Amino acid sequence: MKTTQRPWYVYMLRCSHTYLYTGISPDVIKRIEAHRAGKGAKFTKNKHPIELVYVIKMDNMQLAMKKEREMKKLPKQKKEEIILSFKNHSGDPNIAKMFSTTFQELQ
């Protein structure tokens, strides 16, 4: 019997004091809500996530974890370039909707 793997997403949040947080989740919106409620990663509890600035769909959790590790190793300037490129080239309306989601909109 073949099992189907669900997609996972690598995402970046812009937090207070210009920090960027990179994480993975099969449901980015629920994960953002958890961050906002203080139940996400330890990093975001004190940094107060403000907006979703990047998201990319991966085929499975393993690929998402690999991409997350790669992105976490990048210098902040490179991450900012990736975010800018994503913002300028995201044509998928669903991704664009997720991208524009701020924590105020999740209330």
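Where a number appears in this text, it was derived from the coordinates with a stated rule and is not lab data. Everything numeric in this text was worked out from a predicted model, so none of it was measured. Heads up, the Cβs are rebuilt from the backbone with ideal geometry, glycines too, and the neighbour counts pull from every protein chain shown.
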*asked:* Under the 0.36 nm per residue contour assumption, what length would be gained going from the current alpha-carbon distance of K73 and Y19 to full extension?
replied: 18.0 nm
*Peptides 61-67, 9-15 ordered by average Cβ neighbours within 10 Å, highest first*: 9-15, 61-67
